[in-house]
Amino acid sequence: EDQEFLDAFQARIDDEQKIEPNDTMPSAYRKTLIRQISQHAHSEIVGMLPEGNWVTRAPTLRRKAALLAKIQDEGGHGMYLYSACETLGVSREELIDDLHSGKAKYSSIFNYPALNWADIGTIGWLVDGAAIMNQIPLCRTSFGPYSRAMIRVCKEESFHQRQGYELLLTMMQGSDEQKEMCQDSINRWWWPALMMFGPSDKESIHSSQNMAWKIKRFSNDELRQRFIDATVPQAHFLGLEVPDPDLKFNEETGHWDFGDINWDEFVNVVRGNGICNKQRMKDRVAAHENGAWVREAALAYAAKRAAPQAA
Ligand code: 3HC
């Protein structure tokens, strides 16, 4: 595309116009949106797996109902996002194939195992809490279908975070063993939750261009800091200790200073060497293959309905 076209597009972005599927757009804008939206959708679908293991082990019917509702929501979020992505001219089959072949990513956080019931609380509180921090600004992303999907997602996400936090609050008023379970849980999930925001700004490949195109409204480090500032007081209210010896409130900046993130671990997990990567893909491929008959039946039914009625 020539510079005049790119400048005219940038002027639309600077004017806070929403870009819609039928608008002309730079191929790189389309490409980075397909990349981000599809990986966001993959994260929602793979994110159902760690929690799915605990539906049959929920301690009460109320907890089971909340967990089932959350998992069902995640599936719906995946569907909205795949549909938003398809408006960019890519098929659902292609996106799913890219996930199963390992070509496409999903959020590193879902490669950690949910080991006990406290983890279900921590996942809601920290993982969905981090997701909310990242998804609220995405409600104002420049691509119309993505922005509208996010507005719906964020309404449901706050219930996810709230039910997780309330679960931990209940456990923290329980036995010493339950309190230890919660502390062990935040010890395992705190740092991987910080990695959800992506590499540091200086390492981020896409941030500068995506921020120029107002796909990303705040940098990875800005959102990570915002999450830490909001979450540390919640941990203290729960009576939990944040597993970071360098965590210290900075009176001057008004932010919490925190320790170094283990980026080797992040790269290793994203590369596929996390605890659950292989299991997650195995489960996803099996679910897709076992669900083939549903897709075939739906397509056959749709074809029958579309076929011209015999006179
Ligand atoms: N896990 C896996 N890959 C990650 C990652 C993570 N936590 N963070 C970054 N990456 C990847 C990026 O995808 C990119 O790789 P790619 O070029 O192959 O796509 C590479 O690392 C470099 O990162 P960048 O910062 O340059 O990439 P982005 O500008 O795309 O920023 C992002 C990464 C902040 C995750 C951004 O893509 C984003 O905001 N995505 C939408 C939100 C999202 O996907 N959240 C995932 C969790 S969804 C969720 O938790 C569901 C909830 O209901 C529980």
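Here are the numbers for this structure:
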| quantity | calculated |
| --- | --- |
| Three-way shape label, the range 131-282, alpha-carbon gyration tensor, a/c 1.5 | rounded |
| Residue of Pro50, Pro233, Pro199 that the Gaussian network model of the chain assigns the largest fluctuation, springs spanning Cα pairs under 10 Å | Pro233 |
| Under-5 Å amide H pairs with His255, H placed in peptide plane, nonlocal only | Asn250 |
| Choice from Leu138, Leu61, Leu99 with maximal GNM fluctuation in the chain (Cα, 10 Å cutoff) | Leu61 |
| Rg to Rh, two decimals, where the range 1-116 supplies the alpha carbon set and Rh follows Kirkwood | 1.12 |
| Heavy-atom accessible area ranking, 1.4 Å probe, most first, across Ser91, Ser200, Ser208 | Ser208, Ser91, Ser200 |
| Whole-number percent relative contact order across the range 185-273, with pairs defined as alpha carbons under 8 Å at least 6 apart | 28 percent |
| Hz values of 3J(HN,Hα) by residue in the range 178-189 - Karplus curve (6.51, -1.76, 1.60), Gly and Pro given as x | 5, 5, 4, 4, 5, 5, 4, 5, 5, 4, 8, 9 |
| Filter on Lys64/Lys155; Lys31/Lys70; Lys105/Lys179; Lys105/Lys304; Lys179/Lys214; Lys70/Lys214 - keep pairs with C-alpha separation over 32 Å | Lys105/Lys179; Lys105/Lys304; Lys179/Lys214 |
| MRE, 222 nm, helices only [DSSP H, n ≥ 4, -39500 (n - 2.57), over the chain, to nearest 500] | -20500 deg cm²/dmol |
| Per residue convex hull volume, Cα atoms of the range 73-141, in Å³ | 112 Å³ |
| Most to least accessible of His40, His236, His160 (protein chains only, probe 1.4 Å) | His236, His40, His160 |
| Mean separation of Cα contacts under 8 Å (6+ apart) over length of the chain, as relative contact order % | 18 percent |
| Per residue solvent-accessible surface (Å²) - the range 111-248, probe of 1.4 Å | 40 Å² |
| Whole-percent carbon and sulfur share, accessible surface of the chain, 1.4 Å | 56 percent |
| Accessible area, probe 1.4 Å, largest first, for residues Cys182, Cys139 | Cys139, Cys182 |
| Mean separation of Cα contacts under 8 Å, 6 or more apart, over the residue count of the range 1-149: relative contact order % | 34 percent |
| Contour excess over end-to-end distance, with Cα ends at Asp260 and Ser158 and 0.36 nm allotted per residue | 33.9 nm |
| GNM top mover of Gln183, Gln173, Gln36 - the chain, alpha-carbon springs below 10 Å | Gln173 |
| Trp213 accessible area, assembled protein chains, probe 1.4 Å, Å² | 20 Å² |
| Percent of Cα-Cα distances greater than 28 Å, calculated over the chain | 44 percent |
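The values are calculated or read from the model by the stated rules, or taken from the named source; none is laboratory data. Fair warning: this is a prediction, and the values are worked out from it, not measured in the lab. Heavy atoms of the whole protein, side chains included, go into the accessibility calculation; ligands, DNA and RNA do not. Shrake-Rupley method; radii C 1.70, N 1.55, O 1.52, S 1.80 Å.
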